[in-house]
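What follows is one structure encoded as structure tokens, with my remarks underneath.
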Amino acid sequence: MSNPLHEHQQAAGAVFESDDSPVAATYGNDAAAREAINSGVALCDRTHWGRLRIAESDRLRFLHNQTTNQLQQLQPGQGCDTVFVTSTGRTLDLATAYIQEDAVLLLVSPGQAVALGEWMDRYIFFADKVRIVDETETTVAFTLLGPESGTTLSRLGVAAIPPDDDASHQTISLQGIDVLIAAGTGLALPGLTLIAPAEAGASLWQRLTEAGAVPCGDRVWQQLRIEQGRPMPGAELTEDYNPLEAGLWHTISFDKGCYIGQETIARLNTYQGVKQQLWGLQLDMAAVPQTPITLNGEKAGILTSCVETPKGIRGLGYIRTKIGGKGLTVAIGEATAEVVAIPFVTRGYLEE
């Protein structure tokens, strides 16, 4: 089946790693895209991320009880990041929740929409007025990255840009296309995220690039997310780790009351029981994820992600709290690495 958005992107130089790849790896302009992120605006296709609409009258109460953050006090136009966890407090996914007048729209990680939909469905009981709709195939998601993101939209006639508050948003008509425009990029970088009907995807992409946004492939986004320390399912977010270890303290409310996994997370905070933490790593050579991290010959943690960037080989990994963090020199297989700070994470009492 033809994909008008992909056809338009290919005409602009997009390279897909395979015929069934959901996102372009590069546009052959990685250096220009990174420069645009620093001083202008770049356009990333995040349509392969999942979108779940949670509707009906019990939606806020339901999600409040399902995830780590405080949702019931949020009003339409507000939003937040929140984490789905197991009953033992282990991570399933980091999601962004956009509170709308009649629903909550969740932006979830690539490949997670079906699994999270099924997970939530297990907890919908007969009397609950909750309906889950997977809109991944019927919508597109784009992110404008860079300090000129708002200026780019203003060139298209958007008069009011959402404030910098995380996940604040509004739905507007952008030259005839209904678009949800939200503050935030999924990274600790300035920008905006746009969600629109799938049939308008190619047209919206074209208008954004014509307004000055530089196309940015997923290769650069992956470099940025590792440099930033954004944890992802299958790597940093698995049932081996909890959200405190992953540095997601900013997504957790410790006074909201009961939710799935709450007892474990509250206990870890109360008794200062976080035994390992996610850190950045600057390596002198590439290493394979799941390679042990060692210090003086003793296991100190494990590498979870590794990528080559213009800044050298960068990685993410969990390191035992009692060993230390930033500034350590560790071994990862044959590689030597310096432990470095990552701006996306927060560490709660560990930062005190």
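The values are calculated or read from the model by the stated rules, or taken from the named source; none is laboratory data. Predicted, not measured: the structure shown is a model, and the values here were computed from it. We place every Cβ from the backbone using ideal geometry, glycine too, and count neighbours over all the protein chains shown. Quick note on the areas: whole protein, heavy atoms, side chains included, nothing else; ligands and nucleic acids left out. Shrake-Rupley method; radii C 1.70, N 1.55, O 1.52, S 1.80 Å.
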Fill in the blank from the handout: Env charge @ G257, Cβ radius under 12 Å, K,R +1 / D,E -1, value 0
Exercise for the section: Could you pull the Rg and Dmax for the stretch 1-156, using just the Cα atoms, both in Å? Expected result: 18.0, 54
Handout entry: Positive-end extreme of charge dipole, the chain - chosen from G312, T270, I195 (charges on Cβ)
Key = T270
Problem - Separation in nanometres of the label points that stand 7 Å from Cα toward Cβ, at E338 and E56 - result: 5.5
Problem - R0 of 25 Å, Cβ-Cβ distance M285-T238: FRET efficiency to nearest 0.05 - result: 0.50
Exercise for the section: Sticking to Cα atoms, compute the Rg of the stretch 34-82 to one decimal and its Dmax as the biggest Cα-Cα distance, whole number, in Å. Expected result: 15.7, 45
Problem - Accessible solvent surface per residue of the stretch 29-143, calculated while the other protein chains remain in place, 1.4 angstrom probe, Å² - result: 39
Practice task
Would you grab the residues whose amide H sits under 5 Å from the one on G111? Only those 5+ places off in sequence or on another chain, please, with H modelled 1.01 Å from N.
Solution key: G50
Handout entry: Segment R122-D19, extension gain: residue separation times 0.36 nm, minus the distance between their alpha carbons
Key = 33.6 nm
Handout entry: Residue-span extension gain [I302 to R155] - 0.36 nm each, minus C-alpha spacing
Key = 48.3 nm
Exercise for the section: Apply 1/(1 + (r/R0)^6) to the Cβ-Cβ distance of D178 and C258, taking R0 = 35 Å, and write down the FRET efficiency to the nearest 0.05. Expected result: 0.40
Completion exercise
Rounded to a whole %, the carbon-and-sulfur portion of the accessible area of the chain at a 1.4 Å probe is 49
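Based only on Cα atoms, what Rg/Rh ratio does the stretch 199-336 have, Rh being taken as Kirkwood's radius?
My calculation of the ratio gives 1.08.
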Practice task
Over the alpha-carbon set of the stretch 305-352, work out the extent along each principal axis and list the three values in angstrom, largest first.
Solution key: 32, 21, 16
Practice task
Please report Rg over Rh for the stretch 202-275, where both radii come from the alpha carbon positions and Rh follows the Kirkwood definition.
Solution key: 1.19
Practice task
Would you mind listing how long the stretch 67-161 runs along its three principal axes, going by Cα atoms, in whole Å with the largest first?
Solution key: 48, 27, 25
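Once the Cβ-Cβ distance between Q10 and E199 is put in as r, and R0 is 22 Å, what FRET efficiency do you end up with, to the nearest 0.05?
0.75
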Fill in the blank from the handout: With only helices counted (DSSP H, runs n ≥ 4, each -39500 (n - 2.57)), the per-residue ellipticity at 222 nm for the chain, to the nearest 500, works out to -6000 deg cm²/dmol
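Quick check on packing: order 332-342, 252-262, 141-151 by the mean number of other C-beta atoms within 10 Å, highest mean leading.
Per-residue Cβ counts within 10 Å, averaged per peptide and sorted highest first, yield 141-151, 332-342, 252-262.
Based on alpha-carbon atoms only, what is the radius of gyration of the stretch 93-238 relative to the globular estimate 2.2 N^0.38 Å?
Relative to the rule-of-thumb radius for its length, the stretch 93-238 sits at 1.10.
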Exercise for the section: Find how much the distance from T294 to K129 grows on full extension, using 0.36 nm per residue of separation minus their present alpha carbon separation; answer in nm with one decimal. Expected result: 54.3 nm
Problem - Sorted peptide list for 295-307, 233-245, criterion being average Cβ within 10 angstrom, highest first - result: 233-245, 295-307
Completion exercise
Whole-Hz Karplus couplings 3J(HN,Hα) for the stretch 285-298, θ = phi - 60° and coefficients 6.51, -1.76, 1.60, Gly and Pro as x, run 6, 5, 9, 8, x, 6, 6, x, 9, 10, 9, 6, x, 9
Handout entry: Stokes-Einstein D (µm²/s) once Rh is taken as the Kirkwood radius of the chain over alpha-carbon pairs, at 4 °C in 1.567 mPa s
Key = 62
Handout entry: By average C-beta atoms within 10 angstrom, highest first, the peptides 194-203, 13-22, 78-87
Key = 78-87, 194-203, 13-22
Problem - Cα centre as origin, Lys/Arg/Asp/Glu Cβ charges: the chain dipole, Debye - result: 760
